[in-house]
Each structure stands twice: as C-alpha cells, then as structure tokens.
C-alpha cells in the first residue's frame, strides 16, 4: 500500500500474479507485437469502497509523476493498441515503462536481423504521431457494464490460436496440417469466450468490494 497525494493505492508490481500472467502467457505475444497492446510495469488501484476495479485503476508516469486514469488507454478511446514502444504519457510526452511477455522476447531475439536496422526510424515517427491520439480522451463513459467482453474473448482466442497453432510449430519444426487447424479453431474459440466470462465475473465481483 502506498500513499500519493493523500490517497491510498495498492500496487500491482512485477511479482503480482496478474503481471506474471502477462509475462508467461504465450498468446499475449500477439497482442504485444501485432496489436501493440502493452501493460505498464506498475498499476495502481485506489482504495475506495464500492467502485469497480476498472474505474479505480491508475497508471503513474515515472517521468512527470502524473497519475493517469487507466481508462486513458482503452478500446473506446482507440488508444489500447498501437503502443508498440510502450505507453505514451500525454502529460509530458515521455514513455511509461511496460512489462514484456517472454514469448515476445524470444520472437524479437529470433527476428532481430529483420528489424534492427529500421526500428529507430519507426519509433521516432510513432512518437510524433502520439499526441493527436490523446486529444479527445473520454473516461466517464467507460464502465464495466458497457465493456465489450465478447470482443475481449475473441482477441484472446485469436492470439492463442496464432501462437499455439501457427507460431509454435514453426519454432519447433512441427508440421502444420489442415486437421490441426480445424481442431484448434473451436478449442481456442471456446477458450476465448471462457476467458471473457471469467474476466467479466471477476470484474462484477470486484464491483461489490474494494479489495484487490
């Protein structure tokens, strides 16, 4: 528990089980490398009663020390993705450090010769384009109730399908067959919807308590 500006926050750091999930789950490598969805190294949750976890989540910029509402980076604001180089701080223009998935590290290491020579130029152009993305941020309308959980489940299922069914065989030298693809599609579709169901249930439960 930490105190910032008179408010109490619980911090999810690198050793928190949720953070470990983001590091270990191979399916999330697709989210990071393809969609550019990133997770900050630290997430702060204000300790207030009867408020959903989503609505009391904050991300602190270590450069300017601004406490940003976590919903600043959301699908609704069109800022949840395209964060390949980290999370942009709209207050100071610097980059908030993010955790990195282990599978992402492996893929980046194996493909290093393909991207090392052009990545810096892309990073410069990416950073220049960021301020415009944060000009009309809306927070009040983003709640647990109006979150598209089906879409969240589909993204998870697609990510796991791409990594486990198409990506891993390439790395291990295993043959990819039509049969394996047809078997994997319903499995990861069900897994995606199950993921969304569990996540929604967890968020709804946390609406009734301030414990994280």
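Among the residues of the stretch 26-50, which ones are in a loop (DSSP other than H, G, I, E, B), in contact with a helix residue (DSSP H, G or I) (Cβ under 9 Å, 6 or more places away or on another chain) and modelled with pLDDT under 85?
26, 27, 48
Six or more apart or on different chains, Cβ atoms under 7 Å: show the pairs whose first residue is in the stretch 122-137 and on the phi < 0 side of the Ramachandran plot and touching a residue at least 60 places away in the same chain (Cβ under 8 Å) and whose second is assigned to a helix (DSSP H, G or I) and surrounded by 11 or more Cβ atoms within 10 Å (Cβ to Cβ).
137/72
With respect to the numbered conditions (1) touching a strand residue (DSSP E or B) at 6+ places or on another chain (Cβ under 7 Å); (2) touching a residue at least 24 places away in the same chain (Cβ under 8 Å); (3) over 30 Å from residue 170 (Cβ atoms); (4) buried (at least 17 other Cβ atoms within 10 Å of the Cβ), which one is the sole condition not fulfilled by residue 57?
(2)
Filter the stretch 133-154 for residues that are closer than 15 Å to residue 73 by Cβ and either modelled with pLDDT of 90 or more or not in a loop (DSSP other than H, G, I, E, B) (or both) and give the result.
Within the stretch 133-154, 133, 134, 135, 152 qualify.
Kindly list, by first and then second residue, each pair from a residue in the stretch 168-183 that is closer than 22 Å to residue 110 by Cβ to a residue that is assigned to a helix (DSSP H, G or I) and modelled with pLDDT under 80, limited to pairs with Cβ atoms under 8 Å and residues at least 6 apart or on different chains.
174/168; 176/170
Within the stretch 151-190, restricting attention to residues that are farther than 16 Å from residue 29 by Cβ and under 19 Å from the mean Cα position of the chain (by Cα), which residue is surrounded by the most Cβ atoms within 10 Å (Cβ to Cβ)?
153
Is it fair to say residue 163 is in a loop (DSSP other than H, G, I, E, B), closer than 23 Å to residue 86 by Cα, touching a helix residue (DSSP H, G or I) at 6+ places or on another chain (Cβ under 7 Å) and at pLDDT below 80?
no
Could you say whether any residue in the stretch 176-185 is modelled with pLDDT under 80 and at negative phi?
No, the stretch 176-185 contains no residue that is modelled with pLDDT under 80 and at negative phi.
For residue 203, all conditions in the list (1) at pLDDT below 75; (2) outside any helix (DSSP H, G or I) hold save one; what is the number of the exception?
For residue 203, the failing item is (2).
Would you mind finding the one in 46, 91, 42 that is more than 15 Å from the chain's Cα centre (by Cα) and crowded, with 17+ Cβ neighbours inside 10 Å?
46
Which of the residues belonging to the stretch 59-98 are touching a helix residue (DSSP H, G or I) at 6+ places or on another chain (Cβ under 7 Å), outside any loop (DSSP other than H, G, I, E, B) and under 23 Å from residue 122 (Cβ atoms)?
88
With the requirement that a residue be in a strand (DSSP E or B) and either touching a helix residue (DSSP H, G or I) at 6+ places or on another chain (Cβ under 9 Å) or at pLDDT 85 or above (or both), what does the stretch 1-25 give you?
Within the stretch 1-25, 8, 9, 10, 11, 12 meet the criteria.
The values are calculated or read from the model by the stated rules, or taken from the named source; none is laboratory data. Quantities reported herein were computed from a predicted structural model and do not represent experimental measurements. Cβ atoms come from the backbone with ideal geometry, glycine included; neighbour counts cover every protein chain shown.
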